[in-house]
Amino acid sequence: MNNCPNTSQGWRDLLSDKVLSRPDLAPAGLRASSVLVPVIIDDARPYLILTKRTAHLPNHAGQICFPGGKMDQGESVMDAALRESEEEIGLKPDQVEPLGYLSGVVAAGQFHIAPVLGVVKPSVQLSPDPGEVERIIALPLDIALNCIHYREEPIHYQPTKKTWVIDHHEEYIWGATARIIVQWHAAITSTNPVIHNGV
């Protein structure tokens with residue numbers, strides 16, 4: 001996205017305009033999960049909130065993720081995203097203004113992830129759970145939503161398949177997290193992100 005908004009209201013209008021009113025539901029055979037895509041819009045530089053998972057976790061250890069996880073029985077996509085965000089980073093639901101939903105993605109051929117886009121109050125105080133989150137990462141929106149930072153490469157453990165990667169000066173952002181961001185950019189810019197033989 002070459003022409004980023006230069007005001008807080010401009011960012012809010014842009015993000016609100018390209019969301020789904022209903023979440024993509026998990027197809028049969030896939031485990032339903034949900035993540036929050038939290039955006040802080042301030043006058044300096046709007047940014048995404050990402051987490052780096054702790055190294056000892058059995059799944060996705062050390063990976064860069066949005067806060068979220070598996071949905072409980074009877075739980076909605078929205079409720080699951082807000083619950084997991086509070087558990088993982090101390091983000092209380094009353095600090096989030098949900099804007100809508102982004103297109104879902106499939107992770108590892110087993111999970112369907114339904115993203116919820118929400119604006120977080122700039123004054124928020126976050127407290128990561130040390131059992132799950134090593135640290136919180138702020139990714140500026142003008143980087144996250146600029147396709148110059150996107151590339152595709154073979155997955156290290158499955159080299160016949162490819163993944164999206166988002167260039168970052170410190171961390172390796174790939175997999176479902178990168179795909180959510182790339183698809184979000186595509187929705188905003190009306191482009192079609194094709195990855196051949198990808199996951």
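The values are calculated or read from the model by the stated rules, or taken from the named source; none is laboratory data. Given the structure is predicted, the values throughout are model-derived calculations rather than measurements. Using ideal geometry, Cβ is built from the backbone for each residue, glycine included, and neighbour counts are taken over all protein chains shown.
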Do the conditions hold for Ile148, that is, is it in a helix (DSSP H, G or I), touching a strand residue (DSSP E or B) at 6+ places or on another chain (Cβ under 9 Å) and without any contact (Cβ under 8 Å) to a residue 40 or more places away in the chain?
-> no
Filtering segment 42-70 down to residues that are surrounded by 22 or more Cβ atoms within 10 Å (Cβ to Cβ) and in a loop (DSSP other than H, G, I, E, B), which residue is modelled with the lowest pLDDT?
-> Pro46
Selection count, segment 72-94, where residues are under 20 Å from Val105 (Cβ atoms), crowded, with 22+ Cβ neighbours inside 10 Å and not hydroxyl-bearing (Ser, Thr, Tyr) | 6
Scanning segment 134-145 for residues that are in a strand (DSSP E or B) and in contact with a helix residue (DSSP H, G or I) (Cβ under 7 Å, 6 or more places away or on another chain) gives Ile136
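Listed here are the residues, each with its yes/no results for (1) touching a Pro at 6+ places or on another chain (Cβ under 7 Å); (2) at pLDDT below 95; (3) under 22 Å from Ala26 (Cβ atoms).
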{"site": "Pro93", "(1), (2), (3)": "no, no, no"}
{"site": "Leu99", "(1), (2), (3)": "no, no, yes"}
{"site": "Pro115", "(1), (2), (3)": "no, no, yes"}
{"site": "Val124", "(1), (2), (3)": "no, yes, no"}
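Could you say which residue among Gly131, Gly118 is part of a loop (DSSP other than H, G, I, E, B) and either under 25 Å from Glu88 (Cα atoms) or charged (D, E, K, R) (or both)? Walk me through how you get there before you give the answer.
Details: Gly118 fails: part of a loop (DSSP other than H, G, I, E, B).
From the options Gly131, Gly118, the qualifying one is Gly131.
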